[in-house]
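The values are calculated or read from the model by the stated rules, or taken from the named source; none is laboratory data. These figures come from a predicted structure and were not determined experimentally. Cβ placement follows ideal geometry from the backbone for every residue including glycine, while neighbour counts extend to all protein chains displayed.
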Amino acid sequence: METNPTRESATDRKNLVGLSRAELAAEVADIGEKPFRAKQLWHWIYHQGETDFAKMTTLAKSLRDRLAEIFEVSRPALSREQTSDDRTRKWLLKFNDGNEAETVYIPEDDRGAVCMSSQVGCTLTCTFCHTGTQKLVRNLTSQEIVGQFMVARDSYGEWPTPKDGGRLISNIVMMGMGEPLFNYDEVAKALKIIMDGEGIALSKRRITLSTSGVVPMMAKCGDELGVNLAVSLHAVTDELRDVIVPINKKYPLADLIRACRDYPGANNARRITFEYVMLKDVNDSEADARQLLRLVKGIPAKFNLIPFNPWPGAPYECSTRAAMDKFTRILNDGGYSAPIRTPRGRDIMAACGQLKSASERDLAKAKADARIRRMAARLDEALPHA
Ligand code: SAH
Ligand code: SF4
């Protein structure tokens with residue numbers, strides 16, 4: 001896996017987005033400016049959403065000119081923006097090294113969540129997940145993660161940062177491409193920027209990080225970030241989970257459940273979400289539901305039942321409605337909330353587990369086209385010409 005992506009910008013100016021407060025202060029000190037200038041810049045970048053130094057009017061004109069010579073405040077390039085019939089919006093973003101990742105906005109009546117990616121692709125190979133079939137993988141930088149949120153805010157014109165309670169983009173779920181706990185440092189840096197009260201100011205209570213179960217990183221995530229935790233469980237036995245969520249071979253169910261029980265900050269008001277993808281005749285029996293209740297006993301938990309979202313060539317089918325209804329009822333009777341999630345944005349391939357960069361799809365298509373052309377050429381050679 002590539003861990004040090006090329007960071008050259010389209011220009012040779014340094015992008016200030018994604019620097020921690022300390023790093024921004026160091027840049028400001030380097031050009032001989034007083035520390036309060038860093039505070040002002042932070043406000044312009046993350047509260048106002050301003051990208052043009054010339055408009056940062058609390059800074060002296062000479063300083064604005066200087067900043068514009070050395071720095072920039074930019075976003076990842078937009079390869080494509082699509083809006084679904086159900087108003088779900090998806091952005092395909094292109095980073096400076098040409099890699100791409102997807103970000104999705106899922107609107108609700110008076111609020112909505114941005115589903116952000118933590119990696120290009122994913123090193124894990126969960127058998128039901130489209131992202132897991134992507135070959136190319138690298139970690140996203142803090143700049144690229146914060147950039148995803150800023151692209152969403154730009155798209156809805158949600159600058160300057162509105163008061164909490166009056167925002168279209170009110171929540172974040174780290175549930176896009178990649179395993180966020182395999183890229184903990186950059187994810188943590190990005191989320192700290194996003195949670196900073198003088199900028200984007202999104203509360204940790206409005207952020208949920210989803211993990212396939214990277215057990216050794218879970219406590220740190222809870223201690224340092226205090227965000228809500230979602231765990232992709234999907235199976236109630238090691239035998240099945242080893243197959244569908246292969247990280248289980250390294251961190252089996254007993255270890256994962258213990259880490260959930262110990263997750264800092266989890267209580268009845270802030271429950272751990274157990275995600276469970278509904279796979280027909282694989283993990284959706286009544287016995288599975290009852291075993292699930294035994295497994296999470298004593299953990300402040302809730303469930304999210306995700307109907308399997310198909311993708312081309314996927315080896316599974318989604319459970320029947322009747323099986324899902326029965327599953328929900330058993331969990332409800334056991335005292336837990338367990339809604340069946342309505343898939344959003346299916347028509348634009350924006351639903352859970354469908355994210356995969358277009359470049360990868362295009363590559364596959366180009367290879368298939370080339371194969372067909374080669375076959376046609378051979379056929380052409382073999383056939384006698386008139
Ligand atoms: N890597 C992290 C976060 C990204 S996946 C994780 O695995 O938790 C986000 C969620 O989508 C996970 O619960 C994942 O299991 C689920 N998912 C993946 N593919 C899916 C599919 N095809 N249909 C439904 N849910 C899927
Ligand atoms: Fe990676 Fe999550 Fe997909 Fe598994 S479900 S392959 S961990 S993105």
Condition set among the β-branched types (Val, Ile, Thr) and assigned to a loop (DSSP other than H, G, I, E, B), scope region 129-148, selection farthest from ligand 1 (Cβ to nearest atom): answer is 141
Subset of region 60-80, residues touching a Lys or Arg at 6+ places or on another chain (Cβ under 7 Å) and at pLDDT below 95, comes to 79
Scanning region 125-143 for residues that are farther than 17 Å from residue 310 by Cβ and at pLDDT 90 or above, the one farthest from the chain's Cα centre (by Cα) turns out to be 125
Note on region 267-315: residues hydroxyl-bearing (Ser, Thr, Tyr) and either under 13 Å from residue 235 (Cα atoms) or more than 23 Å from the chain's Cα centre (by Cα) (or both) are 276, 285
Of (1) more than 14 Å from ligand 2 (Cβ to nearest atom); (2) surrounded by fewer than 21 Cβ atoms within 10 Å (Cβ to Cβ); (3) among the hydrophobic types (A, V, I, L, M, F, W, C), residue 260 satisfies every one except (2)
In the set 108, 100, the lone residue that is among the acidic types (Asp, Glu), within 30 Å of residue 166 (Cβ to Cβ) and at pLDDT below 95 is 108
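Going by what's in this entry, would residue 141 be described as out of contact with any His (no Cβ under 9 Å at 6 or more places or on another chain) and under 26 Å from residue 74 (Cβ atoms)?
Taking the combined requirement at face value, the residue satisfies it.
Working carefully through the options 68, 113, 101, find the one that is over 17 Å from the mean Cα position of the chain (by Cα) and small (Gly, Ala, Ser).
68
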